[in-house]
Amino acid sequence: LVPFLGTTILEQQINTLKQCQVEDIHIVTGYCSDQIMAFGFPITKNLHFASTNMVESLFSAVSFIEQEGDLIVAYGDIVYQPNNLQALMAVDADIVLMIDEDWRKLWDLRFSNPLDDAETLVLDDRGYVIELGKKTNGYQRIQGQYTGLIKVRSDKITNFVKFYQSLDRSRIYDGGAFNNMYMTLFLQLLIDAGWRVKAAIVQNGWLEIDTIEDIEL
């Protein structure tokens, strides 16, 4: 709900979705949920938001996820142009990720050392993602940056949910508990299990907003 370009971050996303004829919008909430409810969209509250991470937030809305049609998942701290969303929607694969090939322009503005925040993103020769979300000390394994915008094709939704439900909740995942799993790790688990995760390549046209400094930039 932070003001951004005359509206809010959330309204920026909603407006872009509607411009691309995405009308069935559902918001997962946690902190200050009542303020999000004021927008009038259906919501699911992650009751454990203070002690869990984004994968748990996503699947708290499983009844919405399981509806008919492609699923678009968008982090709550990003904004993006309609052409970027259209690029994501146009790619046909089990799962599609919006990947910024020209990511350094934004990261160089935001960070004195982009590698402090950047993560690996490796594609095969057909544009499928084979690795993402790992820390790195060099640029060799960064072919772009994952932006937090995802599409899951309609015929894969059931198996998408089943895959999540099949994971061992007692296991430690990349040093953390199941409930604190990051989305990039969940996506990597899908890739390692044979899912076809393809990149929708864009050049800028989006922003991640983590801090007041990001807003100012």
(request) List the aspartates and glutamates whose Cα lies under 15 Å from the Cα of residue 134, skipping any in the same chain that are fewer than 8 positions away. (result) 116, 117, 119, 174, 192
(message) Can you show me the helix-derived [θ] at 222 nm for the chain, built from DSSP H runs with n ≥ 4 at -39,500 (n - 2.57) apiece and divided by the number of residues, rounded to the nearest 500.
(response) -8000 deg cm²/dmol
(message) Which of rounded, prolate or oblate describes the chain when judged by the alpha-carbon gyration tensor and an a/c cut-off of 1.5?
(response) rounded
(request) Identify all lysines with a Cα-Cα distance to residue 151 below 20 Å; exclude those on the same chain that are fewer than 8 residues away in sequence. (result) 18, 162, 198
(message) When a/c reaches 1.5 or more, the comparison of a/b and b/c decides; with that in mind, is region 25-81 rounded, prolate or oblate per its Cα gyration tensor?
(response) rounded
(request) Can you pull the one-decimal nm distance between simple spin-label points at residue 77 and residue 111, each 7 Å off the Cα toward Cβ? (result) 1.2
(message) Between residue 47 and residue 11, what's the calculated FRET efficiency when r is the beta-carbon distance and R0 is 30 Å? Round to 0.05.
(response) 0.75
(message) Less than 12 Å Cβ to Cβ from residue 103, Lys/Arg counted +1 and Asp/Glu -1: what total charge do the surrounding residues give?
(response) -4
(request) Would you mind checking region 107-122 for residues with the amide N under 17 Å from a putative spin-label position 7 Å along Cα→C-beta of residue 204? (result) 107-111
(request) Please turn the phi angles of region 104-113 into ³J(HN,Hα) values with the Karplus equation 6.51 cos²θ - 1.76 cosθ + 1.60 (θ = phi - 60°), one per residue in order, whole Hz, x for glycine and proline. (result) 4, 4, 6, 5, 5, 6, 8, 9, 5, 10
(request) Along Cα→Cβ, 7 Å out, is where each label goes; now give me the distance between the ones at residue 137 and residue 4 in nm to one decimal. (result) 3.4
(message) Can you tally the net charge around residue 134? Count Lys and Arg as +1, Asp and Glu as -1, for every other residue whose Cβ sits under 10 Å from the Cβ of residue 134.
(response) -1
(request) Over the chain, calculate the relative contact order: mean separation of alpha carbon pairs under 8 Å at least 6 apart, over the residue count, as a percent. (result) 28
(message) Along the Cα→Cβ direction, 7 angstrom out, place labels at residue 162 and residue 32. What is the inter-label distance in nm?
(response) 4.1
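Every read-out reported here was derived from the displayed coordinates using simple, explicitly stated rules and does not represent laboratory data. Because the structure is predicted, anything quoted here is derived from the model rather than measured. As a convention, Cβ positions derive from the backbone with ideal geometry for all residues, glycine included, and neighbour counts pool all protein chains shown.
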